[in-house]
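Asker: Below: one structure in structure tokens.
The values are calculated or read from the model by the stated rules, or taken from the named source; none is laboratory data. Every value quoted in this text rests on a predicted model; they were computed, and no experiment measured them. Here the Cβ positions follow ideal geometry from the backbone for every residue, glycine too, while neighbour counts run over all protein chains shown. Accessible surface areas use protein heavy atoms only, side chains included; no ligands, DNA or RNA. Shrake-Rupley method; radii C 1.70, N 1.55, O 1.52, S 1.80 Å.
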Amino acid sequence: MSPRERLLDAWARWVTRHPAATLLMSLLVAAVSILLAATSLELHSDRSDLVSGDLDWNQRYATYRHDFPRWDDLVLCIEGDPGDHRIDELARQVAERLNAEDRIASADAGFTAAQAPRMWKVADAEKFNQALTWFEHAKKLAVQSGPAEALFLFSTSLPGFEHQSSVLEGIETFLRPMLEGLNGRSVTFDLTAPIQNTWQPLTIGSGSIRTVLIQMDRASTGGIETVGEDLELVRTTATELIEHEMPGVSWGVTGLPALEADETTQAIDDSTWASIIAFVLVTLMMLLVFKRLTLPLLAAVSLLVGMAWSFGWVVLAVGHLQLLSVVFSAILIGLGIDFALHLLARLRIVHAEYDTLPDAMARSFRDVGPGLITGAVTTASAFACTALTDFKGVAEMGIIAGGGVLLLLVAMLCVFPALLALCSNWREQINRVRPWDDRIVPSMLGWVPRHAAAVLVATVLLVAALFIPLSRVGYDSNILNLQPPDLESVAWQHRLEQEAGVNIWSGLVLTTPTQAPALVAQLRSLPGIGGVGGMGMLFPTDMEDREQQIMDVRSDVPVSTVLSGSSPQDILVSTLQAIAGGLESRASGVPAAVALAGDISDSIEAWNTADPGERDARFERIEEAWTLGSAALDAAIEDAMTPGMPGPSQLPAVLHDSWIGVDGQWLLRVEPLPEERSILEPERLEGFVEEIRRVAPDVLGPPVQILESSRLITHSYQSAAIYAFLAVMLILLVDFRSLLNAGLAILPVLIGFVGVFGVMGVLGMKVNFANLMVLPLIFGIGVDAGVHAVHRWKREPGVLPPGLGGGTGQAITLTMLTTMIGFGSLLVAEHRGIRSLSIVMVTGLGITWLACMIVLPAALHVRQRFSRKVKS
């Protein structure tokens, strides 16, 4: 026996002669692994964690995230008519309710003019013109010599107040002090209230979507669990309020953290269900093969022990799971059970030759052990090769899965034989295994050796033909195409992409205050740019025209209205009567308007019942209050209309924190043109980013992260596939000591590799962030079948079909089926990326199995005939 066979022989005899000790040690390691996973394993949802921090573009993004604390605000959206001020008020109430929560650092639905008195200058054209008209009317009011003149002018200019939350609010603000004066009470004119209290909601595009920007408390942030809890808090709180105030209104939460958390949560749910389904299906399949419950149960227990070990390995090797590696358990279930199937398939054939289980198990270990070890090592090596790439997410997946495969092999070669040794009727259990391979495989595939040359020629022609559609397979960089379209965060992000204003896929450019004006102008000149927001908002395209309009209003000195005929007191009362009549006739359906009209009538009645001296005193108090109020109004107008666009100090806190970094840099948000197609689509993304780079080479942000990550992951997987191929070939050369045999062992997987990408090209499928991992996976997993077939052919070269005798055909079929079940279980995933991985891997493994059962035996037969001719 070779050293490897002696080692396998000793291993088999020890675990079957000391089953209790073997199980005790195995279960102890499993318990420690589970404890480690339960207490230390983390789940990361941040896509930036998938990329090495040493890359310059990722470093820039990390610096930005540090300097701009509101980079990851959640975005709560409420949709409604732009003119429906109830939606504005609802957004304010939601923000107030959220601000009362300890976990929330800040929730902002907008700001008042008092917080940013000059921001009206950079509003959209409609709001700018409304505000300018209002200031023009307000200036005329401020210069009126008395309250009667002001009221008369006010009554003729009510349309100028329509930009407020309601005309009635403006009337109340102006009239209420006069009514107080007519009643003989103290009078104070707060004429600046319409300026100070004007509410500017945070809206996007046409204004149909109001947004609430929510910054979570940094002290409470953590892994996916914490982000998920934050999202649940926001959604629950908002649901309670919105359903009470405006049931039926359309709303939802999105933003980068919501997208990543929802996606990772979905992936975890999908992986959990897939793992359960895979475990159940594999167990049911084994029940069909083994007829009874015992052997499937022993294999299932062994698999669970190995899976527990693999979770401990995750903690020790990486410490966390992320979007790519979270599906590893479903994959390993299909791979792990393969070892037991190969062992049982051989044990069923040889056990009758031996009196004891240790002897029979030792023979089985010697016969299939080399293939199991070579297959596991090649699979693990293929996974491990991904650790040599720059894409950290790929590398972590490779490390986790590679170590997991080896641990599952050890678990199956320890726990399963030990459990079988504890069964007093172990021989009876093995005899019940269905021996269909001995009859069915030769009868079904007996034609292959007879037509070996034709099979190989047809294979060459088919593979060559598949290279044409294979060349058309492209990469889909749109990460939203991977996620379930009905996820709340995804659906609302698609909705936001159709508008301009708050697109999270904007390119981000950092600049200084002195460089900003010229840079904004350059960026706006680019043809593919929809706009420049952030601090770019302070430089409207019609800035000079706006400044001129403001200057015209400022320089136009209005004159005081001259009232003739009646006394100021009589004019004030008659004007109030006219306003009351107008409210009753034009706003009779509005209770507040009717109530105000009633208050006006009551106040006039109180005025009329007072004696003339008292009326003079009351009117004098109204005039004194008006003088003070009009002076304050004039000062507020002058402040709001001060020449120049607003600067950093005039920004409300929510915009200042979002647009100005802690280091003083300004943030420009370069938005793509709104289109039906997402900016993340490959045909748009690269052009958008590269266009910005013409002006701002250091542009950063989600589009850059996705573009560069797409390039990196594509290159990484291609490199991983090359590394995996070389590693597998090296291991096969060491194992077989023959380049030709090594090539034959890898032949099925090469056909499977070309076949799956050819089929994808025919069906118009694209590779993506998730399914691109098939490059190293197919090499690592598919080669196992070829290894076992070549090993069996070397031991029994005369058996037909070559390489499939002695239970190997049965074992290859069953193991391929279990592996396909492991990946096929992912078809239940709602995450479209995971589901596409399942489709691609099942297709690739299916083609690899066909190649192993048809093409490889044909090649082995031709090789054997050629060798005989050479010898003869």
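Asker: Work out the charge dipole of the chain with +1 on the Cβ of Lys and Arg and -1 on the Cβ of Asp and Glu about the Cα centre, then indicate which of Pro484, Asn771, Thr173 is farthest towards its positive end.
Answerer: Result: Asn771.
Asker: So how tilted is helix 488-497 from the main axis of the chain? Cα-based, degrees 0 to 90, rounded to 10.
Answerer: 60
Asker: Show me 260-273, 297-310 ranked by packing, highest mean number of other Cβ atoms within 10 Å first.
Answerer: Ranked by mean Cβ neighbours within 10 Å, highest first: 297-310, 260-273.
Asker: Still on this structure: Might you report the magnitude of the Cβ-based charge dipole of segment 363-486 about its Cα centre, with Lys and Arg at +1 and Asp and Glu at -1, to the nearest 20 debye? Don't skip to the answer; put the middle values down first.
Answerer: Working: 9 positive and 8 negative charges, 112 e Å.
Here the size comes out at about 540 debye.
Asker: Please state the shape class of segment 374-478: rounded when a/c is under 1.5, otherwise prolate if a/b exceeds b/c and oblate if not, all from the C-alpha gyration tensor.
Answerer: oblate
Asker: Treat every Asp and Glu Cβ in segment 593-746 as -1 and every Lys and Arg Cβ as +1, leave all other atoms uncharged, and give the resulting dipole magnitude about the Cα centre to the nearest 20 debye.
Answerer: 1620
Asker: Next question. Please name whichever of Ala20, Val728, Pro801 sits farthest to the positive end of the charge dipole of the chain, dipole taken about the Cα centre and charges placed at Cβ: Lys and Arg +1, Asp and Glu -1.
Answerer: It is Pro801.
Asker: At 1.4 Å probe size, with the rest of the protein present, what percent of the exposed accessible area of the chain is carbon and sulfur atoms?
Answerer: Using a 1.4 Å probe with all protein chains present, the chain comes out at 59 percent carbon and sulfur.
Asker: Using modelled backbone amide H atoms (1.01 Å from N, in-plane), which distant-in-sequence or interchain residues come within less than 5 Å of Gly184's amide H?
Answerer: Those lying under 5 Å, H to H, from Gly184: there are none.
Asker: For Rg/Rh (Cα atoms, Kirkwood Rh), the choices are (i) 1.00; (ii) 1.18; (iii) 1.11; which was calculated from the structure?
Answerer: Recomputing Rg/Rh (Cα atoms, Kirkwood Rh) here picks out (ii).
Asker: What order do you get for 849-855, 4-10, 90-96, 804-810 when each peptide is scored by the mean count of other beta carbon atoms within 10 Å, highest first?
Answerer: On the way: 849-855: 22.7, 4-10: 15.9, 90-96: 20.7, 804-810: 26.7.
Taking the mean over residues of other Cβ atoms within 10 Å, the ranking is 804-810, 849-855, 90-96, 4-10.
Asker: Here's a follow-up. How far is the Cα center of segment 494-540 from the Cα center of segment 365-413, in Å?
Answerer: 48
Asker: Another question, then. Mind checking which aspartates and glutamates have their Cα closer than 14 Å to the Cα of Lys139? Skip sequence neighbours fewer than 8 apart in that chain.
Answerer: Leaving aside aspartates and glutamates fewer than 8 places away in the same chain, those within reach of Lys139 are Glu149, Asp552, Asp556, Asp634, Glu638, Asp639.
Asker: Quote the charge dipole size of the chain about the Cα centre in Debye, to the nearest 20; the model charges only the Cβ of Lys and Arg (+1) and of Asp and Glu (-1).
Answerer: Once rounded to the nearest 20, the dipole reads 7640 debye.
Asker: Would you mind checking the tilt of helix 856-871 against the longest principal axis of the Cα atoms of the chain, expressed as 0 to 90 degrees and rounded to 10?
Answerer: 40
Asker: Compute the helix-to-body angle for 702-736: its Cα long axis versus the longest principal axis of the chain, expressed 0 to 90° and rounded to tens.
Answerer: 10
Asker: Next question, about the same structure. What distance in nm lies between label points placed 7 Å from Cα along the C-beta direction at Ala20 and Val662?
Answerer: According to this spin-label approximation, the distance is 6.2 nm.
Asker: Shifting gears a bit: For segment 649-799, what does the accessible surface come to per residue with a 1.4 Å probe? Please give it in Å².
Answerer: Each residue of segment 649-799 exposes 36 Å² on average to a 1.4 Å probe.
Asker: In the chain, what percentage of the DSSP-assigned beta bridges are antiparallel, given to the nearest 5?
Answerer: 90
Asker: Which order do the peptides 416-422, 548-554, 178-184, 783-789 take when ranked by the mean count of other beta-carbon atoms within 10 Å per residue, highest first?
Answerer: Order by mean packing, descending: 783-789, 416-422, 178-184, 548-554.
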